[in-house]
2 protein chains.
Amino acid sequence: MATSPEQTTAAGRAPEDSGGEGAAAPRRRPGGRTGRVRRQVLDAVQAELAERGYDELTIDGVAARAGVHRATVYRRWRDVGGLLADVFAAAGDDDWRPADTGSLQGDLTALNEESQTALTARPPLVSALIAASFRSEEAARGVQALWEDRYLRCEVIVARAVERGELPPGTDARRLLVAATAPVYHELVLLRTPPDPDLPARAARTAVLAASAGAFVSDPEDDAWRRCR
Amino acid sequence: MATSPEQTTAAGRAPEDSGGEGAAAPRRRPGGRTGRVRRQVLDAVQAELAERGYDELTIDGVAARAGVHRATVYRRWRDVGGLLADVFAAAGDDDWRPADTGSLQGDLTALNEESQTALTARPPLVSALIAASFRSEEAARGVQALWEDRYLRCEVIVARAVERGELPPGTDARRLLVAATAPVYHELVLLRTPPDPDLPARAARTAVLAASAGAFVSDPEDDAWRRCR
């Protein structure tokens, strides 16, 4: 799942306390100075985080790296938690969509491969962002909202599979998506096992087999679909 | 999975730099002063971590809470990373085994329920330990070793299911166990969704259905088992 903020355009939104220009201004002028400053600052947050880690992340360091006056950063983002929350908000502003490969197995494998690539990238930006979410309540809320948004966007994978007749109507999309993706995060983030190139496809296949066996259908009516095949 | 150090006896092992008594001494006298001091100190680490969090965790605070001289703590454990690593080592010293309920579904559900209980306990000791593992390299190695040990101990669940004829011989125990348990950790630790009382059994059932469909058998010979049933 692309939780990587690297794809972020950082254009559409700005922090609510965006100073004297009015809260709506950044939305009207996404390419203007407000948007540009935000992009510079959030890029600097990510670079500092990936290279130096949360403990070294400071408003002053971010301002210096971004080439922006520190007072601007303090006024708009207040503290490190505010910066991180905005990194997650900006990451959710992209137009990311899961790949459409033509099959459920293919779509889930592509999703897992994207996650594995992001989680093993150097510098370890996504891992650093996940780690930061254990440090700051604001970052935790930010990453939670981003995850929920990503899983919602992935529900189309299940809808397409239902349309193709690969899955019964009434399949619980979120449960299937969590089952398909959780092993990749579990291995790489919690268990810290070395990346296994087969893991993305294998975890996808497990979820597909479970789905075909009716694991994600709670309505007995829908389950009749499976028994009749 | 019981990664909770609350069940720790803390008796069988001591840090390698255990001072002038010789490295083997604590193993011979687990109930002696060395073992007692270790237990007091590690209990204090867990209490401080759960109540105050990693940022407030200090050698001095731990020593004061444990009622142990700070020089003793510095000498034996060196720093916060050393203390955390030893908490994980002590947690692995217990005689924890997964419940034997008589069925694969029952065993995996019991395992997930234990994990969900530990992850949602107050004070949040297990969550605090996971968070700490993102802060300290020593803690990260400690939690990694503890996870691997726990998954090894759980392989008996799969062996029993194979014996009962619930699973084909050649079922990859670790992959099945990760598939069964990952959704609980993913939801509670990464996605931070509120605990769902149905999740432990549901995640277990998904893995059982996938296993019955041959998801964890890589050898085509073994898979003949499934086709013949």
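The values are calculated or read from the model by the stated rules, or taken from the named source; none is laboratory data. Bear in mind the structure is a predicted one, so any value in this text is a computation, not a measurement. Please note: Cβ atoms are built from the backbone with ideal geometry, for glycine as well, and neighbour counts cover all protein chains shown.
A few remarks follow.
- Options A:LEU188, A:LEU177; residue that is more than 8 Å from chain B (Cβ to nearest Cβ) and within 26 Å of B:VAL143 (Cα to Cα): A:LEU188
- Qualifying residue in the range A:35-52 (condition: under 25 Å from the mean Cα position of the chain (by Cα), assigned to a loop (DSSP other than H, G, I, E, B) and not assigned by TED's automatic domain parsing to the domain that holds A:SER133): no
- Residues that are touching a residue at least 24 places away in the same chain (Cβ under 8 Å) and assigned to a loop (DSSP other than H, G, I, E, B) within the range B:69-94 comprise B:ARG78, B:GLY92, B:ASP93, B:ASP94, listed in sequence order.
- Residues that are buried (at least 19 other Cβ atoms within 10 Å of the Cβ), of a type in the set (A, V, I, L, M) and under 16 Å from B:VAL126 (Cα atoms) do not occur anywhere in the range B:70-81.
- Filter result (modelled with pLDDT of 95 or more and either within 16 Å of A:VAL37 (Cα to Cα) or of a type in the set (A, V, I, L, M) (or both)) within the range A:90-114: A:ALA99, A:LEU104, A:LEU108, A:ALA110, A:LEU111
- Residue satisfying all of: in the range B:108-121; in contact with a Pro (Cβ under 6 Å, 6 or more places away or on another chain) and outside any loop (DSSP other than H, G, I, E, B); farthest from B:LEU209 (Cα to Cα) among these: B:GLN116
- Within the range A:149-173, being within 30 Å of B:PRO124 (Cβ to Cβ) and not in a helix (DSSP H, G or I) holds for one residue alone: A:ASP172.
- A:ILE130 vs. criteria within 18 Å of A:ARG202 (Cα to Cα) and among the hydrophobic types (A, V, I, L, M, F, W, C): no
- Test for A:LEU152: is it within 14 Å of chain B (Cβ to nearest Cβ), under 16 Å from B:ALA182 (Cα atoms) and either surrounded by 20 or more Cβ atoms within 10 Å (Cβ to Cβ) or hydrophobic (A, V, I, L, M, F, W, C) (or both): no
- Residue match in the range B:208-217 (condition: more than 10 Å from chain A (Cβ to nearest Cβ), surrounded by fewer than 22 Cβ atoms within 10 Å (Cβ to Cβ) and assigned to a helix (DSSP H, G or I)): no
- Within the range B:191-207, the set of residues being closer than 16 Å to A:PRO183 by Cα, among the hydrophobic types (A, V, I, L, M, F, W, C) and more than 7 Å from chain A (Cβ to nearest Cβ) comprises B:LEU199, B:ALA203, B:ALA204, B:ALA207.
- Positions within the range B:127-149 being of a type in the set (Asp, Glu) and more than 9 Å from chain A (Cβ to nearest Cβ), in sequence order: B:GLU137, B:GLU138, B:ASP149
- Test for B:LEU146: is it assigned to a helix (DSSP H, G or I), surrounded by 20 or more Cβ atoms within 10 Å (Cβ to Cβ) and at pLDDT below 90: no
- When the test is whether a residue is within 10 Å of chain B (Cβ to nearest Cβ), under 17 Å from the mean Cα position of the chain (by Cα), part of a helix (DSSP H, G or I) and surrounded by fewer than 20 Cβ atoms within 10 Å (Cβ to Cβ), A:ALA182 does not pass it.
- Residue within the range A:82-89 that is within 16 Å of A:ARG36 (Cβ to Cβ) and outside the structural domain of A:VAL143 (by TED's automatic domain parsing) present: yes
- Failed criterion for B:ALA128 (all others in (1) at pLDDT 90 or above; (2) assigned to a helix (DSSP H, G or I); (3) farther than 22 Å from A:THR193 by Cβ; (4) of a type outside the set (Lys, Arg) hold): (1)
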